[in-house]
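The values are calculated or read from the model by the stated rules, or taken from the named source; none is laboratory data. These numbers come from a predicted model, not from an experiment. For neighbour counting, all protein chains shown are included, and Cβ atoms are generated from backbone atoms with ideal geometry for every residue, glycine included. Surface accessibility is based on the protein's heavy atoms, side chains included, excluding ligands, DNA and RNA. Shrake-Rupley method; radii C 1.70, N 1.55, O 1.52, S 1.80 Å.
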Amino acid sequence: AQPWCQTPSHPRVLAGPQIVLSVYGPDFFGHDVVRGYGAVHVPFVPGRHKRTIAMFVPESTSLLQQFTSWFTGRRPEFTDPRVVAQGEGREVTRVRSQGFVTICFNVM
């Protein structure tokens, strides 16, 4: 970790603006597929803030859907970024953890 970008000791604020990430990359066949989704609240306090975002990807619910998505190269993805930001309805969506992204904010 860089010394100029430390995690603050105050608790996170769970309201206000968010940054929603949609990370894409090529798969084995060269198709552009989703690598992960994540969201983080933007801090309000002036200074430098470091946030680590847990990324996740939606998964197919059946073996037939998994095979079809592998065969066609089309994996499940969200069409509305509000699903990632709000989290409502995500409890019925099957997702898999897909790593982390670290962001540093410089708030004035």
Tabulated pairs, the stretch 17-34, first free of Cβ contacts under 8 Å to residues at least 24 places away in the same chain and within 17 Å of Phe78 (Cα to Cα), second assigned to a strand (DSSP E or B) and basic (Lys, Arg), C-beta under 9 angstrom, 6+ apart or interchain: Tyr24/Arg35; Gly25/Arg35
Selection status of Leu14, surrounded by fewer than 10 Cβ atoms within 10 Å (Cβ to Cβ), more than 12 Å from the chain's Cα centre (by Cα) and at pLDDT 80 or above: no
In the stretch 28-65, how many are out of contact with any Phe, Trp or Tyr (no Cβ under 8 Å at 6 or more places or on another chain), open to solvent by less than 20 Å² (accessible area, probe 1.4 Å) and within 16 Å of Thr93 (Cα to Cα)? 1
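Can you confirm whether Arg96 is at pLDDT 75 or above, touching an Asp or Glu at 6+ places or on another chain (Cβ under 7 Å) and not aromatic (Phe, Trp, Tyr)? Working first, answer last.
Values: at pLDDT 75 or above: yes; touching an Asp or Glu at 6+ places or on another chain (Cβ under 7 Å): yes; not aromatic (Phe, Trp, Tyr): yes.
So Arg96 fits the description; yes.
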